[in-house]
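Chemist: The structure that follows is given in the form of structure tokens.
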Amino acid sequence: MNKILIVDDDKIVVLTLSKLLKKANYATLMTYTGNQAISAMIEFEPDLVLLDFKLPDMNGFEILTKLKDINRKVAVIMITSFGDVRKAVTAIKLGANDFFTKPFDKDEILRVVENIFAARRKQEIHTFNVTEMMGNSEPLQKVLHDIERIYDQNITVFLEGETGTGKELFARMIHNRSSRRQKPFIAVDCGAIPESLFESELFGHTRGAFTGAIGAKKGKFELANGGTLFLDEINSLPMNMQPKFLRALQENEIQKLGDEKPTKIDIRIIAASNNNIYKDVQNGSFREDLFYRIHEFKIDLPTLQQRKDDIMVIAAYFLKEITADYKKDINGFTSAAVEQLEHYSWPGNIRELKNVIKSAVLLSDSSEITKDHLILKNIRKNMDALVDEEDIVIDRFTSKTEEDIIRKALQKTKYNKTEAAKLLGISRSLFYKKLENIEL
């Protein structure tokens, strides 16, 4: 039974949440202050914490930081008043999983809680049983052979490949084969971190290190201690951070912002990028000495176009996974769908294939995926012989199919637009733009 810790100074709120969650078969513990929550975190060992922002002895940011220090894997949902949504967003950046506002909807709370536990169950199931989705193509076998050679060697690995080729998947494979597999695997998308936050995100900071540092924070290096730190798009590392990053690798220690003493670390680095990193070295935006330090062993990841023999193996894996998520009974692909999947160029690689299969599952009401269910973005590039009139037909078909997918996503999420956007794997702003285009 999953355990949930409830932290709120309003006893009516705590009792209401406890009763609701117990009825849904969760074990709960009620607390009313930050200090009580910290003690309960150690004794009760919850899987999830429902945490109010305003408590009598400390604020939500402080408690969140302390809870994550005790157990970095614990899920946290922030409870906030309507006017404090901006604080909730900041809390999510600090490690919270989600938030809801008062007055809250009981069904919404149960849905958010179940989504968090469902995601955790899925992660445990698939933590690393990916061999069934790999395939047997020659380019893939070379990658697996390279991984076999170095998975437990204490060297920095550099994964090079186009977007969507599975860089994080292969990084996790290396970690899970290594003697560090019982320790953390921390993935960082360097391209998603604002330049001003890089040092704090990677190395951490002490309380009061800068304006807004209301509590101490561990950086990614420290969180990965003993395990593996995977740095995707490492060529996005700002120039002013590169000497500090290089020193951390060479000295096995980091300097937190605001801390006079260095902190020793023991981590393995796996870095990744596309081939633009060579241009960055040539034009001076990426240090050459750092480039060679992270290039101790390079593995080239093939595109999906180069792995044509694996396409249907991977597609079948995604179909099985996604139909289970959506509770749909779809057994396979028609021959026409197979032909279309195998002859498409897949510019977005494995990531694009997964999105295509997800859309097809949403569209399908039959026992098989047909070619009409497949939305291939550059289909017109593969159909150069079509005349303009036929292109217009395709445009209308594509927009109509997209409208069907959006409607099904809204139905699936009970017309929660934020959740529908997440389900489709697009940003909320793009989702709203699409709604305007189809006048929904």
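The values are calculated or read from the model by the stated rules, or taken from the named source; none is laboratory data. Note that the coordinates shown come from a computational prediction; the quantities given were computed from them, not determined experimentally. All Cβ positions, even for glycine, are placed from backbone atoms using ideal geometry, and neighbour counts span all protein chains on display.
Chemist: Report every pair of residues separated by at least 6 positions or lying on different chains whose Cβ atoms are under 9 Å apart, first residue within region 241-253 and without any contact (Cβ under 8 Å) to a residue 24 or more places away in the chain, second in a loop (DSSP other than H, G, I, E, B).
Modeler: Between residues of region 241-253 that are without any contact (Cβ under 8 Å) to a residue 24 or more places away in the chain and residues that are in a loop (DSSP other than H, G, I, E, B), the close pairs are 247/255; 251/262; 252/265; 252/266; 252/267; 253/262; 253/265.
Chemist: Filter region 140-155 down to the residues that are surrounded by fewer than 17 Cβ atoms within 10 Å (Cβ to Cβ) and outside any helix (DSSP H, G or I), then identify the one that is modelled with the highest pLDDT.
Modeler: 155
Chemist: Something else: Need a quick list: helices (runs of 4 or more DSSP H) entirely within region 241-336 having at least 1 residues that are touching a Ser or Thr at 6+ places or on another chain (Cβ under 6 Å). So that I can check it myself, show each step before the final result.
Modeler: Numbers: elements: 242-251, 276-282, 288-294, 311-326.
So the answer is 288-294.
Chemist: If I filter region 318-361 down to residues being surrounded by 19 or more Cβ atoms within 10 Å (Cβ to Cβ) and of a type in the set (Ser, Thr, Tyr), which single residue comes out as modelled with the lowest pLDDT?
Modeler: So, considering only residues that are surrounded by 19 or more Cβ atoms within 10 Å (Cβ to Cβ) and of a type in the set (Ser, Thr, Tyr), the one modelled with the lowest pLDDT is 359.
Chemist: Please count how many residues of region 159-198 are charged (D, E, K, R), at pLDDT 90 or above and touching a Pro at 6+ places or on another chain (Cβ under 9 Å).
Modeler: Matching residues across region 159-198 total 1.
Chemist: Could you tell me which numbered condition residue 256 fails, if it satisfies all but one of (1) in contact (Cβ under 8 Å) with a residue 12 or more places away in the chain; (2) more than 27 Å from residue 161 (Cα to Cα); (3) in contact with a Lys or Arg (Cβ under 9 Å, 6 or more places away or on another chain); (4) surrounded by fewer than 17 Cβ atoms within 10 Å (Cβ to Cβ)?
Modeler: Tallying (1) in contact (Cβ under 8 Å) with a residue 12 or more places away in the chain; (2) more than 27 Å from residue 161 (Cα to Cα); (3) in contact with a Lys or Arg (Cβ under 9 Å, 6 or more places away or on another chain); (4) surrounded by fewer than 17 Cβ atoms within 10 Å (Cβ to Cβ), residue 256 fails exactly one: (4).
Chemist: Here are the criteria: (1) modelled with pLDDT of 85 or more; (2) farther than 30 Å from residue 17 by Cα; (3) surrounded by 13 or more Cβ atoms within 10 Å (Cβ to Cβ). Tell me which single one residue 110 does not satisfy.
Modeler: (2)
Chemist: Next question. Mind listing whichever residues of region 178-198 are within 26 Å of residue 60 (Cα to Cα) and either over 21 Å from the mean Cα position of the chain (by Cα) or assigned to a loop (DSSP other than H, G, I, E, B) (or both)?
Modeler: 184, 193, 194, 196
Chemist: Just to be sure, is residue 382 surrounded by fewer than 19 Cβ atoms within 10 Å (Cβ to Cβ), in the same structural domain as residue 422 (by TED's automatic domain parsing), at pLDDT below 85 and in contact with a His (Cβ under 8 Å, 6 or more places away or on another chain)?
Modeler: Values: surrounded by fewer than 19 Cβ atoms within 10 Å (Cβ to Cβ): yes; in the same structural domain as residue 422 (by TED's automatic domain parsing): yes; at pLDDT below 85: yes; in contact with a His (Cβ under 8 Å, 6 or more places away or on another chain): yes.
It is true that residue 382 is surrounded by fewer than 19 Cβ atoms within 10 Å (Cβ to Cβ), in the same structural domain as residue 422 (by TED's automatic domain parsing), at pLDDT below 85 and in contact with a His (Cβ under 8 Å, 6 or more places away or on another chain).
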